Amino acid sequence: MSAAGPGPALDRRPILITGGAGFVGANLADRLAAEGHTVIIYDALARAGVERNLAWLIEQHGDRIAPVIADIRDRDELARAVGEAGAVFHFAAQVAVTTSLTAPRDDMEVNLGGTLNLLEALRARGEAVPLLFASTNKVYGGLPDVALTLAGDAYLPEDPSLRQRGIGEDRPLDFHTPYGCSKGAADAYVLDYARTYGLPTVVMRMSCIYGPRQMGNEDQGWVAHFLIRALKGEPITLYGDGRQVRDILHVDDCVAAYRAALARIDRVAGRAFNLGGGPANAVSLRGLIAHAGQLLGREIAVETGPWRPGDQRYYVSDPSRAVEALGLARPLSWREGVAQLAGWLGERVGDDQSAEPRLRRQPEAAL
Ligand SMILES: NC(=O)c1ccc[n+]([C@@H]2O[C@H](COP(=O)([O-])OP(=O)(O)OC[C@H]3O[C@@H](n4cnc5c(N)ncnc54)[C@H](O)[C@@H]3O)[C@@H](O)[C@H]2O)c1
């Protein structure tokens, strides 16, 4: 199992997690509440299924979980929640590239407008309240200049050093798709509020995070989505050729990184980090399906569709700056993490026939 980083010193003030009912937020809230923190979960429950995460958190931690069911665009409600907080983790977002393409204004209002609401609420406090923001590798765009070669079922950079290290923070920003623009602009604002107003902020440009409590679907959360389809015996649609490569990181390691950033906020404020599994945990979509097939002992049916806009053929982060600055342990290997997740999901999804009835009988079982 991966090691958790040092946690934030126990502060009597609550910790605010926007999007705290979501996948990453719920895992972090669980960890912080287990340490004795009161956690304000500020979430509009916009993503289908996340209400099960919130119910689970309350069941586990009772009064330590303080839910505020509200929208990040609601400035007054948000300011009230921010008013009490000793630290803020900002995860609430419109998270799907696909949705951003059909509703770019909503995407911008939630991802950029919501982030600005939060920054302004923090600025109005006039105190150095730490803010940790979940950005995305999409801020680096499609990497069109990176020459790729095919190695079996995977795209890899021709440049051996890039292959070995991955994409670092010095890579020029190149926002692509409305989601890339809204998250990228929010990323820039969060960093600038550190520069201009002295707010202690940190940006995590995350690769694919996977693990329990992700409501993985075709639009976002592909590792969980693939496993759920495979467990149900349903075909997986690959958009593009399935040779896209991503580095994947288990949510426990992601949570450890956020906690370490808060614990070291004096040293890391104003910085952006690439957070992912790195080259050691890079896998193509087809590679992950092959691994899932081995785990489940069955052939997984695959269908194909056209490439989707903004879909990088290769994105693997260089996490070395985050590892060094945050003192992170070696992450869980992707094969082991995916096997664990398959086991976790398998207890909830069941086999073909029982999947849906079993889920209905166990509403707290988050997928
Ligand atoms: N999971 C990943 O692989 C990944 C990768 C890169 C970046 N990110 C970023 O990390 C953050 C967390 O991602 P996640 O995987 O936990 O997503 P998630 O969808 O599980 O969680 C997001 C939460 O935000 C809430 N939300 C959505 N719109 C809202 C609004 N208008 N007001 C208030 N709450 C709202 C949703 O209900 C949900 O609970 C997001 O900002 C996402 O962009 C995630």
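The values are calculated or read from the model by the stated rules, or taken from the named source; none is laboratory data. This is a predicted model, so every value here is computed, not measured. Backbone-built Cβ (ideal geometry, glycine too); neighbour counts: all protein chains shown.
Residues of the stretch 155-184 being in a helix (DSSP H, G or I) and touching a Ser or Thr at 6+ places or on another chain (Cβ under 9 Å), which ones? Within the stretch 155-184, R165, T177, P178, Y179, G180, C181, S182, K183, G184 qualify.
The criterion of at least 2 residues that are over 20 Å from the mean Cα position of the chain (by Cα) and touching a residue at least 12 places away in the same chain (Cβ under 8 Å) is met by the following helices (runs of 4 or more DSSP H) wholly inside the stretch 1-106: 50-61, 75-84. Just for the stretch 153-168: of the residues that are free of Cβ contacts under 8 Å to residues at least 40 places away in the same chain and out of contact with any strand residue (DSSP E or B) (no Cβ under 7 Å at 6 or more places or on another chain), which one is surrounded by the fewest Cβ atoms within 10 Å (Cβ to Cβ)? Selected residue: S161. Being under 21 Å from E158 (Cβ atoms), crowded, with 18+ Cβ neighbours inside 10 Å, touching a residue at least 40 places away in the same chain (Cβ under 8 Å) and within 18 Å of the chain's Cα centre (by Cα) holds for only one residue in A257, A282, and it is A282. Answer yes if at least one residue in the stretch 254-261 is touching a Pro at 6+ places or on another chain (Cβ under 8 Å), within 21 Å of P172 (Cα to Cα) and modelled with pLDDT of 95 or more, and no otherwise. No, the conditions are met nowhere in the stretch 254-261. Taken over the stretch 178-202, the criterion of being hydrophobic (A, V, I, L, M, F, W, C) and within 11 Å of the ligand (Cβ to nearest atom) is satisfied by A186 alone. Within the stretch 86-113, being within 10 Å of the ligand (Cβ to nearest atom) and among the small types (G, A, S) holds for A92, A93, A96, G113.
Considering the conditions (1) within 13 Å of the ligand (Cβ to nearest atom); (2) of a type in the set (A, V, I, L, M, F, W, C); (3) at pLDDT 95 or above; (4) within 30 Å of E120 (Cβ to Cβ), V223 is excluded by exactly one of them, (4). Kindly evaluate R52 against the criterion of being more than 7 Å from the ligand (Cβ to nearest atom), surrounded by fewer than 16 Cβ atoms within 10 Å (Cβ to Cβ) and at pLDDT 95 or above. Taking the combined requirement at face value, the residue does not satisfy it. When R73, R80 are checked against the criterion of being within 9 Å of the ligand (Cβ to nearest atom) and surrounded by fewer than 16 Cβ atoms within 10 Å (Cβ to Cβ), a single residue qualifies: R73.
Which one of these is buried (at least 18 other Cβ atoms within 10 Å of the Cβ) and at pLDDT below 95: G5, G22, G86? Unique residue meeting the criteria: G5.
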